[in-house]
1. Using beta carbons and a limit of 7 Å, which pairs, at least six apart or on different chains, have the first residue in the stretch A:489-507 and under 18 Å from A:Leu456 (Cβ atoms) and assigned to a loop (DSSP other than H, G, I, E, B) and the second one at pLDDT 95 or above and aromatic (Phe, Trp, Tyr)?
2. Among the residues that make up the stretch A:256-274, is at least one of them assigned to a loop (DSSP other than H, G, I, E, B), farther than 30 Å from A:Gln20 by Cβ and away from chain B (no Cβ under 14 Å)?
3. What number goes with the only condition from (1) closer than 23 Å to B:Ala334 by Cβ; (2) assigned to a helix (DSSP H, G or I); (3) in contact (Cβ under 8 Å) with a residue 24 or more places away in the chain; (4) open to solvent by 40 Å² or more (accessible area, probe 1.4 Å) that B:Thr485 does not pass?
4. Just give me the residues in the stretch A:88-131 being open to solvent by 10 Å² or more (accessible area, probe 1.4 Å), modelled with pLDDT of 90 or more and more than 14 Å from chain B (Cβ to nearest Cβ), in sequence order.
5. May I ask you to list the residues in the stretch B:179-217 that are of a type outside the set (Ser, Thr, Tyr), in contact with a strand residue (DSSP E or B) (Cβ under 8 Å, 6 or more places away or on another chain) and at the interface with chain A (Cβ under 7 Å from one of its Cβ atoms)?
6. Provide a single number: the residues in the stretch A:18-65 that are free of Cβ contacts under 8 Å to residues at least 60 places away in the same chain and crowded, with 18+ Cβ neighbours inside 10 Å.
7. Out of everything in the stretch B:524-539 that is in a loop (DSSP other than H, G, I, E, B) and touching a Ser or Thr at 6+ places or on another chain (Cβ under 9 Å), what residue ends up being farthest from B:Glu211 (Cα to Cα)?
8. Identify, please: which residue in the stretch B:284-333 is among the acidic types (Asp, Glu) and crowded, with 23+ Cβ neighbours inside 10 Å and is, among those, nearest to B:Glu56 (Cα to Cα)?
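The values are calculated or read from the model by the stated rules, or taken from the named source; none is laboratory data. Computed from a predicted structure; not experimentally measured. So basically every Cβ, Gly included, is an ideal-geometry build from the backbone, and we count neighbours across all protein chains shown. Each accessible area value is taken on the protein alone, full model and side chains, heavy atoms only, with ligands, DNA and RNA left out. Shrake-Rupley method; radii C 1.70, N 1.55, O 1.52, S 1.80 Å.
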2 protein chains.
Amino acid sequence: MTNALSTEASRAHSLTLSQQATLAPMRDIAAGMGIDEELVEPYGRGAAKIDLATVEQLSARPRAKYVVVTAITPTPLGEGKTTTVIGLGQGLNRTGRSATIAIRQPSMGPTLGIKGGGAGGGRSQVVPMERLNLHLTGDIHAVTAAHNQLAAQIDNHLFRGSRSGLAPDRVTWRRALDVNDRALRTIVAGLGARTDGPTRQSGFDITAASEVMATLALTTSLQDLRERLGRIVVGYTRDGEPVTAERIGAAGAMTVLLREAIKPNLMQTMENTPALVHCGPFGNIATGNSSVVADLIGIHTGEFLVTEAGFAADMGAERFFNIKCRVSGLIPDAAVVVATVRALKAHSGRHRVIAGRPLPQGLLEENPDDVRAGADNLRAQLAIIRHHGVTPVVAINAFPNDHASEVAAIREIAAEEGVRCAASTHFADGGRGAEELAEAVAEAVTEPATSSFRLLYPDEAPLREKIDLIAREIYGADGVDFSATAAADIDGFQSAGYGRLPICVAKTHLSLSSDPALKGAPRGWRLPVREVRLSAGAGFVYPICGTMQTMPGLGSAPAAESIDIDSDGNTVGLF
Amino acid sequence: MTNALSTEASRAHSLTLSQQATLAPMRDIAAGMGIDEELVEPYGRGAAKIDLATVEQLSARPRAKYVVVTAITPTPLGEGKTTTVIGLGQGLNRTGRSATIAIRQPSMGPTLGIKGGGAGGGRSQVVPMERLNLHLTGDIHAVTAAHNQLAAQIDNHLFRGSRSGLAPDRVTWRRALDVNDRALRTIVAGLGARTDGPTRQSGFDITAASEVMATLALTTSLQDLRERLGRIVVGYTRDGEPVTAERIGAAGAMTVLLREAIKPNLMQTMENTPALVHCGPFGNIATGNSSVVADLIGIHTGEFLVTEAGFAADMGAERFFNIKCRVSGLIPDAAVVVATVRALKAHSGRHRVIAGRPLPQGLLEENPDDVRAGADNLRAQLAIIRHHGVTPVVAINAFPNDHASEVAAIREIAAEEGVRCAASTHFADGGRGAEELAEAVAEAVTEPATSSFRLLYPDEAPLREKIDLIAREIYGADGVDFSATAAADIDGFQSAGYGRLPICVAKTHLSLSSDPALKGAPRGWRLPVREVRLSAGAGFVYPICGTMQTMPGLGSAPAAESIDIDSDGNTVGLF
């Protein structure tokens, strides 16, 4: 994500740097990864699609070290996780190692909303950023199309008598669009004449929140995708029997609609480091990780594959380990935990940071004690990594105005934890600024401990037990409170044969707890599970803990209002 | 469109032929058109985008003969207009002339609905048909995104106090999706909490019916597109003042969202004839023609540019002449009017043809009198062409079971009208089957009469007069009946400065009249105009004559239910 600490001026500078970057031909980028030219389809300027046959073709090549980048609990300041992935990739290449990075495709709604895009920033960007942030090769749109094709077939199925017995008031499948549009959150559709029906209350989620997106991100092949799409549960009969997309007759067409989208996109960083860009499932209700197929390709394209897991380690990395790696079979060698001086100070609870408002003065003053007071969050995230048998590395994403004593405080905390730590100025300096981090990561992956990767729970553990384990051992809760609805949901899924699925807890990303106001590492709380939902296509069960917004709105001054072309036809105002 | 006369077996055969076609490299296709390699961006297998700088780059090259393909009034039998465009292009190339074709991008909703795609059929197809029919390079999705970005900003504008004065109940801008989904025709959005609002009744149109699509199809450059998008009227204030997309602050972002989509797509036919595929505006409420920019490029790429106008000459060709050519400044040299034996027999009114039902026996029996009885429709369409000073050519799209006496009857009718006529078997035989047609067209464009192209009306004619002219001189009506609403609409547009715009009459395509049941060339009727709408971005005013469905539904057995992948991952069931 664009670093929220950067000012308007530095954001505009990022766009300029991006537009000045010298792109290498995609065939050269692919050749450097050992991918046959015939498996690379150029897709407009600076982007290509990689055929899935590449997975098989590269399988005999050596396996790269697999490094996941995660972070401390996000603050409104932005920790710069994507820039760190990009910077680290560039740093590894600068220090004589070959690295590929894997990132998510940014959702267009937020890019045109308030947040900015997902291309990184400064001298650590994936380019061309206009293409990365808008449409790219159309994968998100293909997900939208497949999602809404199923929705249309569901309503047509109801309209024509519902031969499956699907009950109109028990349809759980909504519609999807990649736009920030609060007015679409809840709608009544099918108004008008009888032939314009059926009339039902429903709504739209942003496409990143679509189960189709989550499914595409976790699939391993086109045939696997076909099967997963068929398993999607769209609703229930009056008797509570699940009705699938297979039964609606939509899974085949959905697969055909996704046959280009399943191929990972190849782009490059400003320093020509290969970047696989693929899928962007929501981080709250889905995995928040880029695709399995991108990593299955990237793992054989060099010495390092650096991949990103959304939000903090309790969210993205836990899912990376227990859902994504469970599917891919890939074993991570190290995990980078990104922290910033200001974010740790914010985790002290002593400064109130509000998105879009000027920073409180106290946060800007030199005060290493505040850093230490916020360190519990960092310690908890490191513990989560080690709980999975993976070697952590702390990356201090350094900013020009950081005080040396505060950076030193983070180094001391890492040293106390026995964890390698490096400061990185990749935003300002590109790969050159990430050399210390690259060396730390290169050391970390050589540790024998990296071979001890373990999943948090086995497939066969009951759903309730899996949720309890995550709550206690990852979030630090005292236990879980299941509502009556949630308990019934779990019993239903367990008896319907979904008990072996892993868990993707839908909770706030703004706290280790389920209360976004609690900073640091909260103790003495219990995880409330309101209801439990099924993502049978993606292959996980997701307990709902708190209010999950699946369709963002636009702010009072949407980014879109500033985006335009100039008199030469260049894009301006896009970050 | 896929020829509706073809059986399931021949449709499956079309898919097989398409998948067996040998594609030439896109750079070779482009080189043959004289386009610099640097202006060609490959976009996946068998498709490329052409940079708009090509218009300028080619401007010194000779101008091709400009041939538009139109038809008699459509019947449920399908006349094979797209296959004729493709076949004629191939036929011209086979007979030693260089030709480029220009067609619309098919709308995905109907492709997955009932109609099938728009790739042509048999041995006259644009390939790869899966790419043409699904997503292609994402242009339709980009239109969807731009359309819905404006919609989201409109509701956000209302939510935040409507500083423009836009009245919530006078918003005319709806939302758009490329799917057949009747349940989205009329919705109430913005239900739920106050922050999920505003609550308004609205709905979705299929993206082909979006004003953004109509605008993209008529624009001449990126800067022109920016201005047109800004002019889009999204609704009115309480005082009836129009509120534009510019005022909402969305036009810049919409332009950036469309900056790839404005570039025409280059594909090829099965015989490697270059095919420009670009835009697909609805034929009823918009122009039903492919883009101006595609033709501005195609006109300098060889000896012939064959372009298609949707529906019959009273619809697509009239708009081609009076809207598209008015914008592009290009002058057509000939117009091919496609007819079939069966369709003319259907126009006799003696046979009742219902889509999806077996053909009536009488239609299949040899009866040249029926052909002559239906000839008035053909004569009327030829008259429309000549009214614009363009030389018509009758193309008989011949089928294996046509009786010779019936084909001869069409030739006699054409001879009576003094019009060249050729039978073409391009569906079965490809370009070889279109050689007679190619020769007839090549002769027609050499006529001195081809230089006498004239628009039906000047810009400065009042809107009411323009509508009256189209009704009388094109449709053969006795006059126009404006409702009170329509009269007020016209006065409003005239006084708001939209009086110089051309007219795009929204009426049924199934009759020369506004009554779809009237076949042949109806006389003694008046055109009822219920209301008049404005497409300020595209730049036309459209009177509504009858019920226009702008969001199709799915049938009882949608095509999507048969579309799938086979065990080798190949697409099956897509036509």
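1. Within 7 Å, the pairs are A:Gly499/A:Phe493; A:Leu501/A:Phe540; A:Pro502/A:Phe540; A:Cys504/A:Phe540; A:Cys504/A:Tyr542; A:Val505/A:Tyr542.
2. First, pick out the residues of the stretch A:256-274 that are assigned to a loop (DSSP other than H, G, I, E, B): A:258-264, A:270-273.
Still in the list and also farther than 30 Å from A:Gln20 by Cβ: A:258-262.
After this cut, where a residue has to be away from chain B (no Cβ under 14 Å) as well, the list is none.
No, because not a single residue in the stretch A:256-274 is assigned to a loop (DSSP other than H, G, I, E, B), farther than 30 Å from A:Gln20 by Cβ and away from chain B (no Cβ under 14 Å).
3. (1)
4. A:Asn93, A:Arg94, A:Thr95, A:Gly96, A:Arg97, A:Ser98, A:Arg104, A:Arg123
5. Once the filter is applied, which keeps residues that are of a type outside the set (Ser, Thr, Tyr), in contact with a strand residue (DSSP E or B) (Cβ under 8 Å, 6 or more places away or on another chain) and at the interface with chain A (Cβ under 7 Å from one of its Cβ atoms), the stretch B:179-217 yields B:Val179, B:Asn180, B:Asp181, B:Ala183, B:Leu184, B:Arg185, B:Ile187, B:Val188, B:Ala189, B:Gly190, B:Leu191, B:Pro198.
6. Total meeting the criteria: 2.
7. Taking the stretch B:524-539 and keeping what is in a loop (DSSP other than H, G, I, E, B), we get B:524-525, B:530, B:536-539.
From the residues that got through so far, the ones that are touching a Ser or Thr at 6+ places or on another chain (Cβ under 9 Å) too are B:525, B:530, B:536-539.
Details: B:Trp525: 30, B:Arg530: 20, B:Ala536: 9, B:Gly537: 7, B:Ala538: 7, B:Gly539: 10 Å.
So, considering only residues that are in a loop (DSSP other than H, G, I, E, B) and touching a Ser or Thr at 6+ places or on another chain (Cβ under 9 Å), the one farthest from B:Glu211 (Cα to Cα) is B:Trp525.
8. Taking the stretch B:284-333 and keeping what is among the acidic types (Asp, Glu), we get B:295, B:303, B:308, B:314, B:318, B:333.
Subset that is crowded, with 23+ Cβ neighbours inside 10 Å: B:295, B:308, B:314, B:318, B:333.
Working: B:Asp295: 13, B:Glu308: 23, B:Asp314: 33, B:Glu318: 28, B:Asp333: 22 Å.
By that ranking, first place goes to B:Asp295.
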